[in-house]
Amino acid sequence: FWIVSVVSLLWNGFGGYDYVMSRQRNVEYLGQMGNAEELLAWIDAFPMWAQVLWPIGVWGSVLGSVLLLLRSRHAVTAFVVSLLGAVGSFAGQMGSALPPSMDNTVNRVMPIAILVIIAALWWYARKVRSQGILR
């Protein structure tokens, strides 16, 4: 339980870091993923509803991980809210093509991997809640 919970927080903590760096428009950080200016233009083109759902997906997962560590049954709710936010956010992102500097296999697969991991954490939280580990 503790290993999964800590790894979950590390994974989702990076997602939070990525979100903050992206929203702060940190060109040095974003440049590691491709052309920072292209990436910022792509992010700016997201529909408003996708911009709103993005932090719900990110911070819902961070909260879910923290709640797992606190052994709170509310981790289940946090992960399902995160999953809904992430699905909506990624749907909005798919409305515009990836910038050429980011159009590669990793960036095409990453949204799917993120959704699978959130769904797995939701399933795991439900499982440990049913076992009485979460209060």
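The values are calculated or read from the model by the stated rules, or taken from the named source; none is laboratory data. Predicted, not measured: the structure shown is a model, and the values here were computed from it. Cβ sites come from the backbone with ideal geometry, for glycine too, and all protein chains shown count toward neighbours. For the accessible areas, the whole protein counts, side chains as well, though only heavy atoms, and no ligand, DNA or RNA atoms are used. Shrake-Rupley method; radii C 1.70, N 1.55, O 1.52, S 1.80 Å.
Descriptive notes on the structure:
- Selection over the stretch 1-47 of residues that are modelled with pLDDT of 95 or more and either touching a His at 6+ places or on another chain (Cβ under 9 Å) or among the β-branched types (Val, Ile, Thr) (or both) gives a count of 6.
- Among the residues making up the stretch 67-79, those that are buried (at least 18 other Cβ atoms within 10 Å of the Cβ) and either touching a Leu at 6+ places or on another chain (Cβ under 7 Å) or farther than 15 Å from TRP11 by Cα (or both) are SER72, ALA75, VAL76, ALA78, PHE79.
- Residue match in the stretch 2-15 (condition: closer than 13 Å to TRP122 by Cα, open to solvent by 30 Å² or more (accessible area, probe 1.4 Å) and touching a residue at least 60 places away in the same chain (Cβ under 8 Å)): yes
- Restricted to the stretch 110-135, and to residues there that are among the β-branched types (Val, Ile, Thr) and open to solvent by 80 Å² or more (accessible area, probe 1.4 Å), the residue that is modelled with the highest pLDDT is VAL116.
- Some residue of the stretch 16-24 being in contact with a helix residue (DSSP H, G or I) (Cβ under 8 Å, 6 or more places away or on another chain), crowded, with 17+ Cβ neighbours inside 10 Å and of a type in the set (Ser, Thr, Tyr): yes
- Residue match in the stretch 17-30 (condition: touching a Leu at 6+ places or on another chain (Cβ under 8 Å), hydroxyl-bearing (Ser, Thr, Tyr) and farther than 30 Å from SER130 by Cα): yes
- GLN93 of a type outside the set (Lys, Arg), at negative phi and modelled with pLDDT under 95: yes
- Among the residues examined, SER96 does not qualify as open to solvent by less than 40 Å² (accessible area, probe 1.4 Å), under 15 Å from the mean Cα position of the chain (by Cα), farther than 21 Å from ARG135 by Cα and touching a residue at least 24 places away in the same chain (Cβ under 8 Å).
- Residue list for the stretch 99-110, restricted to those being out of contact with any Leu (no Cβ under 9 Å at 6 or more places or on another chain) and in contact (Cβ under 8 Å) with a residue 24 or more places away in the chain: PRO100
- Spans of helices (runs of 4 or more DSSP H) in the stretch 22-135 with at least 3 residues closer than 20 Å to ILE3 by Cα and of a type in the set (Gly, Ala, Ser): 48-69, 105-130
- ASN107, sole failed condition from (1) closer than 27 Å to LEU30 by Cα; (2) surrounded by 14 or more Cβ atoms within 10 Å (Cβ to Cβ); (3) at pLDDT 95 or above; (4) not β-branched (Val, Ile, Thr): (3)
- Checking GLY88 against (1) modelled with pLDDT of 95 or more; (2) within 30 Å of GLY31 (Cα to Cα); (3) crowded, with 19+ Cβ neighbours inside 10 Å, the condition it does not meet: (3)
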